[in-house]
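To start, the structure under review is shown below, and the notes come after it.
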Amino acid sequence: MSATERTQEYETYRGLPPIAGLCSMAEAHRQGLGVGQCVGRLKRFHYALKRLHEICIARLTAEPIYELKTALSLHAHLAAEHATALAGRVAEMREPPLGLDEVPHPALALYFDEIRAAPDTGTLVLGLYGIAVPELIGAMDKYRAESHPLCDAPSRRLLRFALLELEDMAAFGRQAVAALVDDAARDQRSKWVELLVAAMEAAGGLDGSSATSDALPVAQFSATPFQFDLVPRRDERFVDSYNAGVNPEAFLYDPRFSARDKTLMMFYKRLREIDVPEMMASIIHQTSGKPWEFYRAMTRQLWDEARHAIMGEVGFTAAGIDWRKVPINFTWSLNLNTQLTPVERHAVLYFIEQGLMPRNGKRFEFEVGEESGDPLSALFQDFDWADEVLHSQIGRRWYVEDFRNSQQAKDYGDACWSRVVSHWRRYLDEGLTEHRNWWPELYREACRRWGVEPDPQALAFNTTYEVQRADLKPISASG
Ligand SMILES: [Fe+2]
Ligand SMILES: [Fe+2]
Ligand SMILES: [Fe+2]
C-alpha cells in the first residue's frame, strides 16, 4: 500500500478534521524546514521588520505629505509589534544566545540603508512600499509553504498575523506608488532599483535560502551616513504653520463658552497633534542603547498621537469644515526638535501628559464632548483620554526611571519646556506669519453648517499664544 493510499484509508472520528484543523493528513506527511533553517529565516524577518520600523521613524518628521506621515506612524507600529513577536518566537527555538541584534548579511543592511536614504518622497515610497514590503511578504509566504504546518505551527501562526498587516501595508503602498511615482520617476530610479535587486541577491534573498555572495553592490544614496532631519515638514495644504494666533486651551477652559463651540477647538487640538509623532520620531531615532521594549512602547504612543490627529481631521470633515483653511501650527515640534536634546524632549512630553491626567485634563475634554451633543467628538475624546492614560504609564516606565522620583521627573520636564523659546515675536517680525486670528472665520462657517447664530462672546475670542504655553502657564522671559 502506498503512502497516498494509507492516507486515503485513514479516518478520523466521524470524519472530524485531523491535525486540530491545521492542515490535511497528506500535507502533514510532507517534509518541512528544520529548526535551524526556521530560526535562520525568522531572524532575517525580524531584522527586516526592525529595519522597516526604523525607516518609517527616520523619515516621518521631514516627510511633508500628511497621509504618508500618518501611514508611516502606523506602519512603524505594526513593524515593531511583529518584530517583537518574532523575537519571542526565536527565543523559543533552542536559540540562546539570541543573536537578534546581529546583521544577518551586509547586503541586507545595504538594501535597507539605501531605502532609508531615498532622496525624495517618491523614491522612498517606491523602495519601501513598492519593493521592500512585497519582498518580505514573498519571503514569509515561502516560509509558510516550506515549514511544517504541525511542527512549526507556532511560527506559522505569527507569520499569518504578520502577513495580514503586511498585506495592508502593501495595499496602502500600491496606491501610494500609483499616486506619487510616475513612469518618468520610475525610469529615473531604474539603476537604483537594480542596486536593490543586486543587494537582495547577494544576501541570498531576504530569507537567506539562496546562495549568498560577498560581492556587495556599490552604495548610492547611503554612501554618506544617514542624518535624521529634525525639521518637520508639511505638504502644501498646510497653510501658515507658524501661526500661533489662537490659543485653543484658553477657549476650552473658559466657562463662558458652550460645549458645542468647544468641539471645534478640540478637533483643532486633535489635528494639531500630528506634531507629536514629528517630535517623538526624533526621540526614538536619536536614543540609542535602550531595551527594545522602549522603542516598541514609544512607537505605539507615536501611532496613537497620529491617530488622534486623524480624529481631528475626521471631526472637521464630518462637520463639513475645510481644515486646510485653518493654520495647523507646527512650531511645537519644530522648536522642541531644534532646541532640546532627545531626553529633554521626552521630559517635556512627560510633563505635558502628566498634566492631562487631573480632572481638568482629558476627562474634561471627554465631558465637553459628551455635553456638546456631537457623539463623534465624545467618542474621540473617550479614546483620546484612554490613550493618554496609557501614554502616561509609558512615560512612568521609560522616562521617570532615570529620576529619583516622579516629582523630580515632572519638574525637569516643566523646566525643559520653559527653556523652549517659542519665537512668537520673531516669527511675526520675520514675516513667517501674521498670527492671524483664524477662529472667527472657522466658527462662523461651523455655525452656518449647524444652522445657528454665532455666540457674540465666542466670536470675539481673541487669545493668542504670545504670553501663554499650551498648559496655560505664562511663558518665561526667555520665550
Ligand atoms: Fe497626545
Ligand atoms: Fe491626544
Ligand atoms: Fe499622548
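The values are calculated or read from the model by the stated rules, or taken from the named source; none is laboratory data. Quantities reported herein were computed from a predicted structural model and do not represent experimental measurements. Glycine gets a Cβ as well: all are built from the backbone with ideal geometry, and neighbour counts include every protein chain shown.
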So how many residues does region 354-397 have that are part of a helix (DSSP H, G or I) and more than 12 Å from ligand 3 (Cβ to nearest atom)? 22
Flag if T287 is surrounded by 24 or more Cβ atoms within 10 Å (Cβ to Cβ), β-branched (V, I, T) and either in contact with a Gly (Cβ under 9 Å, 6 or more places away or on another chain) or assigned by TED's automatic domain parsing to the domain that holds P375 (or both): no
What helices (runs of 4 or more DSSP H) completely inside region 1-78 contain at least 2 residues that are of a type in the set (K, R) and in the same structural domain as A176 (by TED's automatic domain parsing)? 35-60
Do the conditions hold for E67, that is, is it surrounded by fewer than 20 Cβ atoms within 10 Å (Cβ to Cβ) and either of a type outside the set (A, V, I, L, M) or over 20 Å from A170 (Cα atoms) (or both)? yes
Of (1) modelled with pLDDT of 95 or more; (2) in contact with a helix residue (DSSP H, G or I) (Cβ under 7 Å, 6 or more places away or on another chain); (3) farther than 23 Å from E273 by Cα, S406 fails just (1)
Anything in region 304-336 that is within 16 Å of ligand 3 (Cβ to nearest atom) and within 20 Å of E365 (Cβ to Cβ)? List them, or say none. D304, E305, A306, R307, H308, A309, I310, M311, G312, W332
Is one or more of the residues making up region 417-440 at positive phi and touching a Leu at 6+ places or on another chain (Cβ under 7 Å)? yes
Scan region 353-360 and give yes if some residue there is within 16 Å of ligand 2 (Cβ to nearest atom), within 29 Å of D235 (Cα to Cα), assigned by TED's automatic domain parsing to the domain that holds H285 and in contact with a Leu (Cβ under 7 Å, 6 or more places away or on another chain), otherwise no. no
Taking region 299-313, which residues are under 17 Å from H53 (Cα atoms) and either at pLDDT below 95 or within 13 Å of ligand 1 (Cβ to nearest atom) (or both)? R300, Q301, L302, W303, D304, E305, A306
Search region 58-98 for residues being hydroxyl-bearing (S, T, Y) and out of contact with any Ser or Thr (no Cβ under 8 Å at 6 or more places or on another chain), and hand back the single one that is farthest from N337 (Cα to Cα). T84
How many of the residues making up region 114-157 are of a type outside the set (K, R), surrounded by fewer than 19 Cβ atoms within 10 Å (Cβ to Cβ) and within 25 Å of E293 (Cα to Cα)? 2
Just to verify a result, which residue in region 146-170, among those that are small (G, A, S) and touching a residue at least 60 places away in the same chain (Cβ under 8 Å), is farthest from T84 (Cα to Cα)? S147
Could we say that G361 is of a type outside the set (D, E, K, R), away from ligand 1 (no atom under 12 Å from the Cβ) and more than 17 Å from S73 (Cα to Cα) here? no
For region 185-218, give me the residue count where each residue is of a type in the set (V, I, T) and outside any loop (DSSP other than H, G, I, E, B). 2
For region 384-400, pairs from a residue that is in contact (Cβ under 8 Å) with a residue 24 or more places away in the chain to a residue that is among the acidic types (D, E) and within 11 Å of ligand 3 (Cβ to nearest atom), with Cβ under 7 Å and 6 or more apart or across chains, are D387/D304; E388/E353; H391/D304; H391/E353; S392/E353; G395/E353
Specify the residue that is farthest from ligand 2 (Cβ to nearest atom); the eligible residues are those in region 301-342 that are among the charged types (D, E, K, R) and crowded, with 18+ Cβ neighbours inside 10 Å. E313
Return the residues of region 52-64 that are under 14 Å from the mean Cα position of the chain (by Cα) and either surrounded by fewer than 24 Cβ atoms within 10 Å (Cβ to Cβ) or not β-branched (V, I, T) (or both); say none if nothing qualifies. L52, H53, E54, C56, A58, R59, L60, A62, E63
Can you find a residue in region 417-437 that is charged (D, E, K, R), closer than 30 Å to R300 by Cβ and in contact (Cβ under 8 Å) with a residue 60 or more places away in the chain? yes
Looking at G99 and the list (1) at pLDDT 95 or above; (2) surrounded by fewer than 19 Cβ atoms within 10 Å (Cβ to Cβ); (3) not in a helix (DSSP H, G or I), which single condition is not satisfied? (1)
